[in-house]
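The values are calculated or read from the model by the stated rules, or taken from the named source; none is laboratory data. Because the structure is predicted, anything quoted here is derived from the model rather than measured. Positions of Cβ are generated from backbone atoms using ideal geometry, with glycine treated the same way; all protein chains shown enter the neighbour counts. Quick note on the areas: whole protein, heavy atoms, side chains included, nothing else; ligands and nucleic acids left out. Shrake-Rupley method; radii C 1.70, N 1.55, O 1.52, S 1.80 Å.
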Amino acid sequence: MDKYKVTHRLLKQSIKSLVNRQLTSNNPIYRSISALPLGNGGRNPQLYRSFGSLATKVERNPSFSSLNSDDLSYFKGVLGEKNVVQDEDRLETANIDWMHKYKGSSKLLLLPRNTEEVSKILEYCNSRRLAVVPQGGNTGLVGGSVPVFDEVIINAGSMNKIIAFDKVSGILVCEAGCILENLISYLDNQGFIMPLDLGAKGSCQIGGNVSTNAGGLRFVRYGSLHGNVLGLEAVLANGDVLDMLGTLRKDNTGYDLKHLFIGSEGSLGIVTKVSILTPPKLSSVNIAFLACEDYLSCQKLLSEAKRKLGEILSAFEFLDSHAMDLVLNHLEGVRNPLPSAVHNFYVLIETTGSDESYDKEKLEAFLLHSMESGLISDGVLAQDINQASSFWRIREGVPEALMRAGPVYKYDLSIPVEKMYSLVEDMRLRLGQSANVVGYGHLGDGNLHLNISAPRYDDTILAQIEPYVYEWTSKHRGSISAEHGLGLMKANEIFYSKSHETVQLMASIKKLLDPNGILNPYKVLPHSLCSYS
């Protein structure tokens, strides 16, 4: 599918200049606290770091070693000198997430070219107790892909080969460093599509997508990566390689261990290869951009779309008027498709099928009925790929517009659809004029992106947001992470969504697979359960 590409590379470039000013010692979102000498022969400093002024301080695991010249010699022997990166400029980029919210202090970036090299790196790091952070495109939003302290960064970008593709079954096998957009282009030429589509597709890598169980724009049609990933290869902390790279739709032989690595954010092992089921590209794609006057109409429209559009419904996205205003005011060249009036809510519907005339007739009948019943107050159907692209640009451009507007607090929540927008309204009442509360997201699968845009990062505002947002979500039996993961940002908040017994079992699995705790430390699990051995 020739689809409507939002350029994440441009987004990163435009954001960089906007957020550099936020990386000061007075910025409460990122504050490095202190480095205090510790025992252990003076070899390891004990570091405390706070990400978010109200967050619990993170303590560097005192059992972790620090890099020395012998380590560098070993890595150069395995990878070659050019793949052992100590250049300050390249390290600066690798140490900071794309939002410039989280910043580590790693002194080493490793670029393995194959699974064997990853295995040798991890076996050595485990023996030396050198902590590591796996990194792909570094497009995450919760601090999961950057160091907290001085962890060695292992970037999979050089492992970017497509290994095999079966046109009969639609099964793709590739290395973890393949950029999602490149896979989309490759499959398009083969007459297939990826079941995953993200605004960050120009930079994110499939290994990172799998490791975070990324959701995205096609979830309502194709479901999660737990259903689409047929197999994977992963390297454990001790260097052992788990070959689970199956390409079978059915395999009931014992525990399906691949699911441990889908969504565990590199904390149990590093994904090095993936086999994924890809759907055939269908010839008929239609996009409608609609206006609704209230959130209840958006809900009813979703219910009707599921009934009336059924098998051809492939996306159902929404944004409120605050999100639309930001896009129109901060993104160049974006125009309102419905300029005749200001509306409270906007919905983007995409259908994908095999019969163009039938699909279009079906969509037009649905839109006419929705208009007559008062569910939509205005709307337009894309007439060509350029207009379709402009519709998607509005929806996918919201994150960029928010960053251009200034400091923003971002929350990725899964909430029952009927309750989803109530949180946005509650936060507006709670924060008053001190911040602009914006709601948008994947209405088709109950995923709200709650964004709070403020003039500056402020302790008073943050105290009004957290833990209220997490408590509200838990009260309504939602999830505090729908698709972004937990990373560092939400590791200590996991109990809002999972029981103590469940989290304790997770910690036991982590201890079994990574007894020294070197894989992406301080992430995913609460720090109270990650005891130092």
Counting helices only, and only those DSSP H runs with n ≥ 4, report the 222 nm mean residue ellipticity of the chain as the sum of -39,500 (n - 2.57) divided by its residues, in deg cm²/dmol to the nearest 500. -9500 deg cm²/dmol
So, with points 7 Å from each Cα along the Cβ direction, the Asp325-Ser63 label distance in nm works out to 5.2
Whole-Å distance, taken between Cα centres, linking the range 232-266 and the range 367-429: 36
Averaging the inverse of every distinct alpha carbon separation and then flipping it gives the Kirkwood radius. What is it for the range 317-472, in angstrom units? 17.0
Which net charge results for the neighbourhood of Leu375, defined as the other residues with beta-carbon distances under 12 angstrom from its beta-carbon, given Lys and Arg at +1 and Asp and Glu at -1? -3
Cβ charges +1 (Lys, Arg) and -1 (Asp, Glu), total dipole of the chain, debye: 1000
Distance between modelled label sites at Tyr124 and Ser340, nm, 7 Å Cα→Cβ extension: 6.7
Calculate the translational D of the range 162-277 in whole µm² s⁻¹ from Stokes-Einstein, where the hydrodynamic radius comes from the Kirkwood formula applied to all Cα pairs, the temperature is 37 °C and the viscosity 0.692 mPa s. 232
Please give me the summed charge of the neighbours of Pro112: other residues whose Cβ is under 11 Å from its Cβ, Lys and Arg +1, Asp and Glu -1. -1
Whole-Hz ³J(HN,Hα) for each residue in the range 307-314, computed from phi via Karplus 6.51 cos²θ - 1.76 cosθ + 1.60 with θ = phi - 60°, x for glycine and proline: what do you get? 6, 8, 9, x, 5, 9, 5, 10
Suppose each label sits 7 Å from its Cα in the direction of the beta carbon; what would the Leu368-Asn252 distance come out to in nanometres? 4.8
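If you take every DSSP beta bridge fully contained in the chain, what fraction is antiparallel? Give it as a percent rounded to 5.
Of all bridge pairs located within the chain, approximately 90 percent are antiparallel.
Give Lys101/Lys498; Lys57/Lys201; Lys419/Lys475; Lys101/Lys258; Lys306/Lys475 a once-over and call out the pairs whose C-alpha atoms are over 22 Å from each other.
Lys101/Lys498; Lys57/Lys201; Lys101/Lys258; Lys306/Lys475
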Cα-based reach from Lys308 at 16 Å (exclusive), listing lysines while leaving out same-chain residues under 8 positions away: Lys300, Lys360, Lys362
Between the range 335-357 and the range 481-529, how many Å separate their Cα centres? 40
Of all accessible heavy-atom area on the chain, the percent that carbon and sulfur account for (1.4 Å): 49
Relative contact order (percent) for the chain, with alpha-carbon contacts under 8 angstrom and 6 or more residues of separation? 15
Can you list which of the trypsin sites (Lys or Arg not before Pro) found in the range 292-345 are DSSP loop residues with at most 14 other C-beta atoms within 10 Å? Arg335
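According to the Cα gyration tensor, what semi-axes, each the square root of 5 times an eigenvalue, does the equivalent ellipsoid of the range 86-141 have, listed from largest to smallest in whole Å?
Those come to 22, 12, 11 Å.
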DSSP loop chymotrypsin sites (Phe, Trp or Tyr not before Pro) with at most 16 other Cβ within 10 Å: longest gap in the chain: 256-531
Net charge near Cys174, counting Lys/Arg +1 and Asp/Glu -1 over other residues with Cβ under 10 Å of its Cβ? +1
May I ask you to give the solvent-accessible area per residue for the chain, in square angstrom, as obtained with a 1.4 angstrom probe? 41
Would you work out if the range 367-425 is rounded, prolate or oblate? Take a ≥ b ≥ c from the square roots of the eigenvalues of the alpha-carbon gyration tensor; rounded if a/c is under 1.5, else prolate when a/b is larger than b/c, oblate otherwise. oblate
For the range 387-394, just list the computed ³J(HN,Hα) in residue order, Karplus coefficients 6.51, -1.76 and 1.60, θ = phi - 60°, integers in Hz, with x standing in for Gly and Pro. 5, 4, 4, 5, 5, 5, 4, 5
